[in-house]
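Beneath this line is the structure, given in structure tokens, with notes to follow.
Just so it is clear, none of the values below were taken in a lab; they were calculated from the coordinates. Remember, it's a predicted structure, so these values are computed and weren't measured experimentally. Because the Cβ atoms are built from the backbone with ideal geometry, glycine has one as well, and the counts that use them run over all protein chains shown.
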Amino acid sequence: MRKLSILLAFAVLSLVSTTTFAQEAKEEVKEIVQDKVEIQISELPEAVTKTLGEQFAEFTAEKAYKSVLDEKEVYYVKLVKDGEYSVVLIDAEGNVIQKEEPKQ
């Protein structure tokens, strides 16, 4: 019984720390979004455009923003499809940093 209690306590602590990490990551993205500068879709780097075409081909880029994260340029792109939108954060090399699930 004691082992079960310890295991349960460990599971709860793991869940709390995972949730805290996810919230911190979202807060970090919110900070990026606040310091963004809107740019034209045509101004996105070729690597970002390539990633959007390969990984998000079913979406249309509606808005794009440029910002800095850890001294590197990043791009925040709002994508739309069938009345739903999604947001993706991509670095200048075309690596997806974060993406949101589509929502209305």
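For a 20 Å ceiling on Cα separation, which of these pairs sit above it: Lys72/Lys103; Lys36/Lys99; Lys50/Lys103? All intermediate terms of the calculation are to be shown ahead of the outcome.
On the way: Lys72/Lys103 28 Å; Lys36/Lys99 17 Å; Lys50/Lys103 23 Å.
In this structure, Lys72/Lys103; Lys50/Lys103 lie more than 20 Å apart at Cα.
Under a Cβ-Cβ cut-off of 15 Å, what is the net charge of the residues other than Leu52 that fall near it, where Lys and Arg count +1 and Asp and Glu count -1?
Numbers: positive: Lys50, Lys63, Lys66, Lys78, Lys81, Lys99; negative: Glu43, Glu46, Glu54, Glu58, Glu62, Asp91, Glu93, Glu100.
So the surrounding residues net to -2.
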